[in-house]
1. Restricting attention to the stretch 1-29, report how many residues are under 19 Å from I52 (Cα atoms), assigned to a helix (DSSP H, G or I) and either open to solvent by less than 90 Å² (accessible area, probe 1.4 Å) or hydrophobic (A, V, I, L, M, F, W, C) (or both).
2. Within the stretch 30-48, track down each residue that is surrounded by 11 or more Cβ atoms within 10 Å (Cβ to Cβ) and assigned to a loop (DSSP other than H, G, I, E, B).
Amino acid sequence: MRTLGQLSLIFAIYLFACWLCALLPFSFPASVLGMLVLLALLLTGLVKPRQIQQGADLLLANMMFLFLPAGVSIMEYFPLIRDRIPVLILIALATLFLTLAVTAFTVRGVAALLARGRGEGR
């Protein structure tokens with residue numbers, strides 16, 4: 001029952017983000033806004049990590065099921081994208097390497113900030 005309550009809290013935050021996106025004068029993904037709202041709630045302490053831990057773990061453990069509708073849609077629209085597969089692969093590879101590079105630089109920067117905060121860089 002506890003997990004259901006935590007999932008309800010996560011989805012309530014998402015529904016709030018959907019409502020906020022509907023109010024915006026421009027298009028913005030509700031899932032991204034929901035993550036930003038959840039981050040703000042966690043940083044301010046209004047939501048504690050223990051209040052969503054089990055629900056988040058459940059979603060992460062079953063993430064593959066969340067991708068099934070997208071996979072089915074790709075198969076459904078395959079005739080439309082068949083001619084563009086090389087371009088899609090090139091885009092996927094480019095964004096993969098870009099994501100890896102940004103992640104590496106971010107980790108390096110955070111590690112340097114943590115080291116400076118501990119006084120190791122002096």
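1. Here is the first cut: in the stretch 1-29, the residues under 19 Å from I52 (Cα atoms) are 1-17.
Subsequent filtering for residues that are assigned to a helix (DSSP H, G or I) retains 2-17.
From the residues that got through so far, the ones that are either open to solvent by less than 90 Å² (accessible area, probe 1.4 Å) or hydrophobic (A, V, I, L, M, F, W, C) (or both) too are 3-13, 15-17.
Final tally of qualifying residues: 14.
2. V47
The values are calculated or read from the model by the stated rules, or taken from the named source; none is laboratory data. Owing to the predicted nature of the structure, the values given are computational and were not obtained by experimental measurement. Positions of Cβ are generated from backbone atoms using ideal geometry, with glycine treated the same way; all protein chains shown enter the neighbour counts. Areas reflect the complete protein model, heavy atoms only, side chains present, ligands, DNA and RNA absent. Shrake-Rupley method; radii C 1.70, N 1.55, O 1.52, S 1.80 Å.
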